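The values are calculated or read from the model by the stated rules, or taken from the named source; none is laboratory data. None of these values were measured; they are calculated from a predicted model. When we count neighbours, we look across all protein chains shown, and the Cβ atoms used for this are built from the backbone with ideal geometry, even at glycine. Accessible surface is based on the protein model in full, side chains and every heavy atom, while ligands, DNA and RNA are left aside. Shrake-Rupley method; radii C 1.70, N 1.55, O 1.52, S 1.80 Å.
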Amino acid sequence: MPSSSSAARTVAVALCLFSVACSSAQPGGRTPTPLRDQAISRPLEIYRDLGFKAGPPQFPAVASFATMAGPGDSTYVMLSLSMPGSALRFQRGANGFAADYAVSLAFMRDTVTVRRLDEKQRVTVSTFAETGRTDESVVYQNTIAVAPGRYIMQLQASDANSTRGFKATDTVDVPAYGPDATRIGSPVFVYTADGRTSRALRPTLISNPRHTVAYGGEAPKVYVETYGVAADQTVRVNVVDEKGASIWSADAALPRGDGALRFGVLDLPGELLPLGKMWVEISAAGMTSKRTPLLLTISDQWMVANFDEVIEFLRYVAFQDELDSLKVGGPAERRVAWERFWARRDPLPATAVNEYRDQFFERVRYATEMFREPGLLGWKTARGEVYIVLGPPDHAQERWVGETVDTNGPPNAIEWIYDNVPGGRLSLLFIDRGMFGRFEMPMSSESAFRATAERMKPRKPR
């Protein structure tokens, strides 16, 4: 549990499904320009769209802010920042591997710095494998008291052992929570929270900086404070979609504290919430409502708009009756079917992660970016499907195929060779017969691939 003055620690967060990264080299063929697809988006882009501060892909830190009542007339601004362990450069030490990073936060008026926070933190892991984690594995948070008003805010986070890092500058309005005010504080998504009993104390909690929860994971938890309200006052919790339509709502009591400050940790029904972006609104009679984004996602490596898109990916590796079970029922039933589907394919059930699932979604992401063809998303192309099912080939080469092909021009075919797949060595040919950038498999390759794909499926469920 964080101390009352600061919370900066490494936490084991089961928010995402990735721990294994795929090679960044494209397996053969021309190198296309990665394109952003509207249905499958990089989370960093989504976070920026929602108002979070986010770094570049080389340093994919994400930061969010919340405000709450501070001592006297001041306001606490809580900075929450997280990043994967792979963003940092670790060095071997006597007790494992260690990395250092720095965080700087400044509030300025004109060119004058009003308040400033500078901290350096160390992350220590016991194994080399942990240094390459691509999930949210490092969480930093701290709280600083400032006077209400408008500021220029400058945030910087950086790895101490490399040039990786990011800077962000923005204009922010810090609200007032005066001693006599009747207000709601910013809702804060948390992993754990004990709250506080006085405005002078900093809240004791571990925040969820990305407001992101994994599909099939633990229920989202949101920490809420109110000021100047009666003991029997309840708050209305309303979850709405991007169009403002209500998904779920309920009244909730804040059971702890007194009239000056009441607080509670509210569990949202994750099994009833859809995949994608939504907003959580907290309101009460006589008080201005507060809202904050929530993301329910398959992975923090990429995000999809709805569950139907996930079904489309899974058809490459699933039996039809498995897909049918994922389509029927409500979110609760789908969640059970979802976990059962991946559990059947987990190569190492004793480990905390499902290696097959991690690898599958990384392949979908890679295929989406690297194998796009005219009129087709990358994961829908022949090469995209093969890559998702079989992974990168052991050998790849370009060839000229056809009697009338101009061998002085670019090759019109790509051959992928897999040395060790069920059934033996496999050679697959992708031919661009019209020279329009559309690569398709001839019947012989198509048949060989389908036979191999069937052999790779687990035993059919009864």
* Quick one: would you say Val310 is under 17 Å from Phe189 (Cα atoms), in contact (Cβ under 8 Å) with a residue 24 or more places away in the chain and out of contact with any helix residue (DSSP H, G or I) (no Cβ under 6 Å at 6 or more places or on another chain)? -> no
* **Answer from Phe65, Phe128 - the residue that is among the aromatic types (Phe, Trp, Tyr) and farther than 28 Å from Lys277 by Cα** => Phe128
* To do: Identify, by number, the condition in (1) surrounded by 22 or more Cβ atoms within 10 Å (Cβ to Cβ); (2) in contact (Cβ under 8 Å) with a residue 40 or more places away in the chain; (3) of a type in the set (Lys, Arg) that Arg262 doesn't meet.
  => (2)
* Got a sec? Which strands (runs of 3 or more DSSP E) wholly within the range 242-352 have at least 1 residues that are of a type in the set (Asp, Glu) and in contact with a Lys or Arg (Cβ under 8 Å, 6 or more places away or on another chain)? -> 246-253, 262-267, 276-284
* Structure fact -> Looking across the range 243-286 at residues that are of a type in the set (D, E, K, R) and over 26 Å from Val336 (Cα atoms), the single one that is modelled with the lowest pLDDT is Asp258
* Could you give me the residue pairs with C-beta distances under 8 Å whose first residue belongs to the range 48-60 and is closer than 18 Å to Thr169 by Cβ and open to solvent by 100 Å² or more (accessible area, probe 1.4 Å), whose second residue is at pLDDT 90 or above and part of a strand (DSSP E or B) wherever it lies, and which are 6+ apart or on separate chains? => Arg48/Ala54
* Asked: Would you pick out the residues in the range 40-70 that are closer than 16 Å to Ile144 by Cβ and touching a Lys or Arg at 6+ places or on another chain (Cβ under 6 Å)?
  -> Ala63, Ala69
* Please find, within the range 67-81, the residue that is farthest from the chain's Cα centre (by Cα) out of those that are open to solvent by 10 Å² or more (accessible area, probe 1.4 Å) and modelled with pLDDT of 95 or more. => Ser74
* To do: Please enumerate the residues belonging to the range 386-408 that are at pLDDT below 95, part of a loop (DSSP other than H, G, I, E, B) and in contact with a strand residue (DSSP E or B) (Cβ under 6 Å, 6 or more places away or on another chain).
  => Val401
* **Matching entry among Arg291, Arg345 (being farther than 30 Å from Gly178 by Cα, of a type in the set (D, E, K, R) and touching a residue at least 40 places away in the same chain (Cβ under 8 Å))** => Arg345
* Asked: Of the residues Arg425, Arg365, Arg459, Arg438, which is outside any helix (DSSP H, G or I) and modelled with pLDDT under 90?
  -> Arg459
* Asked: Looking only at the range 108-136, which residues are open to solvent by less than 30 Å² (accessible area, probe 1.4 Å) and under 24 Å from Val190 (Cβ atoms)?
  -> Leu117, Val123, Val125, Thr134, Asp135, Glu136
* strands (runs of 3 or more DSSP E) wholly inside the range 137-241 containing at least 1 residues that are touching a residue at least 60 places away in the same chain (Cβ under 8 Å) and buried (at least 22 other Cβ atoms within 10 Å of the Cβ) -> 149-159, 188-195, 204-207, 212-214, 221-227
* Asked: Any chance the range 353-365 includes a residue that's open to solvent by 40 Å² or more (accessible area, probe 1.4 Å), under 25 Å from the mean Cα position of the chain (by Cα), of a type in the set (Val, Ile, Thr) and under 30 Å from Asp324 (Cβ atoms)?
  -> yes
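Here is a yes/no grid of residues against (1) buried (at least 18 other Cβ atoms within 10 Å of the Cβ); (2) without any contact (Cβ under 8 Å) to a residue 24 or more places away in the chain; (3) farther than 17 Å from Val190 by Cα:
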| residue | (1), (2), (3) |
| --- | --- |
| Leu266 | yes, no, no |
| Ser283 | no, no, yes |
| Met287 | yes, no, yes |
| Leu326 | yes, yes, yes |
* **Residue within the range 388-410 that is of a type in the set (Val, Ile, Thr) and within 24 Å of Asp321 (Cβ to Cβ) present** => yes
* So, in the range 366-384, of the ones that are open to solvent by 60 Å² or more (accessible area, probe 1.4 Å) and of a type in the set (D, E, K, R), which residue ends up farthest from Ile298 (Cα to Cα)? -> Arg372
* Has the range 426-447 got at least one residue that is closer than 25 Å to Phe319 by Cβ and in contact with a Leu (Cβ under 6 Å, 6 or more places away or on another chain)? -> yes
